[in-house]
Each structure stands twice: as structure tokens, then as C-alpha cells.
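The values are calculated or read from the model by the stated rules, or taken from the named source; none is laboratory data. Values in this document were obtained by computation on a predicted structure and should not be read as measured data. We place every Cβ from the backbone using ideal geometry, glycine too, and count neighbours over all the protein chains shown.
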Amino acid sequence: MTDSARLALPYLDAGQAQKEWTHNEALALIDIAVQASVEAVGVDAPPASPAAGACWIVGAAPSGAWNGHAGAIAGWTDGGWRFLAPRPGMAAWSRADATAVRYGAQGWRLDRVAPIASPTGGATVDAECRSAVVAILGALRAQGWLA
């Protein structure tokens, strides 16, 4: 059996018996991936009593049922844990952080602009404004929002 290139969803094989197993597995993974929403990011231990449909982004040192799935999206289903390996550009909403997270070369990152201090003091308003704009542009570049 082969898997899809982007999300590694299982394909049905010609003449395969019990196709519903493969099809249902693919649907469970799609349910985790599409419009992804996670409870928290970087969690290493699975929760004791997760609700069906709840998902987490596994941390760097997973334990228990999550062992070997660092960085994956772990989703609890009626059939147990399902894991979706992240792909570059994949995004999810983190409920704990109330913001989007995105997967890239450096792993999962919050889609937030770093805090920028408000300009204070100074006799020339233009110099303060330029300083603030430079700080804003620097923060946006550091987050990858500007080239």
C-alpha cells in the first residue's frame, strides 16, 4: 500500500479487502489536518483523559503513547492516538496561546510579532518615529512576514 505525498494518507489498493479500514484511517488523519486546532504546543506527555477529537502538538521529548512522535500533531480518536507528521507550511490554531502556529525549518513557531517597545523621550518626533518603524520592520522580518 502506498501513501499520499503530502500528508501520508493511506491509499486504497486494487482488490484490497476491507477497504473501509484504509478509507477510515485516511478520514481520521484528514479530520486532524484540515483546519487544525490544538489544545497546546510542545506537550511531551499525553493527557490522561483526552476528549475525542482533541489534538496536541507533541514536544521534543515525548513519553508514553507519544514516544517517537516528536513534533507531530497527536489527535485522540475513538480508535486511540493518531499522529500526523508536520510538513513545511502546515498551520494550526493553538487554543492555549490564542494564536496560530506554523511549521517550518525551525519546527513549530507561534505566528506572533515580537513585542516592540513604544518610543519614549527625545526632542525630535521624526527620529522617534523612524526608530519605531525600524523596530516594527525588524520584528516582521524576524517572524518571516517580510523579506
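Condition test on ALA40, is it at pLDDT 95 or above and exposed (fewer than 13 other Cβ atoms within 10 Å of the Cβ)?
For ALA40, the condition - at pLDDT 95 or above and exposed (fewer than 13 other Cβ atoms within 10 Å of the Cβ) - is not met.
Restricting to region 62-80, count the residues that are surrounded by 17 or more Cβ atoms within 10 Å (Cβ to Cβ) and of a type in the set (Ser, Thr, Tyr).
1
For the subset of region 10-35 comprising residues that are of a type in the set (D, E, K, R) and part of a helix (DSSP H, G or I), which member is farthest from VAL101 (Cα to Cα)?
Only one residue tops the list, namely LYS19.
Please determine, by comparing only the residues of region 76-95 that are more than 9 Å from the chain's Cα centre (by Cα) and assigned to a strand (DSSP E or B), which one is nearest to ALA33 (Cα to Cα).
LEU84
In region 36-74, how many residues are hydrophobic (A, V, I, L, M, F, W, C) and in a loop (DSSP other than H, G, I, E, B)?
Going through region 36-74 one residue at a time, the tally reaches 11.
Kindly indicate which of ALA26, ALA33 is within 18 Å of GLY107 (Cβ to Cβ), of a type in the set (A, V, I, L, M, F, W, C), at pLDDT below 95 and in contact with a Leu (Cβ under 9 Å, 6 or more places away or on another chain).
It is ALA33.
State which residue pairs qualify: first residue in contact (Cβ under 8 Å) with a residue 60 or more places away in the chain and inside region 3-15, second residue not in a loop (DSSP other than H, G, I, E, B) in any location, beta carbons under 9 Å apart, and separation of 6 or more residues or different chains.
LEU7/ALA26; LEU7/LEU29; LEU7/ILE30; LEU7/ALA33; LEU7/LEU84; ALA8/LEU29; ALA8/LEU84
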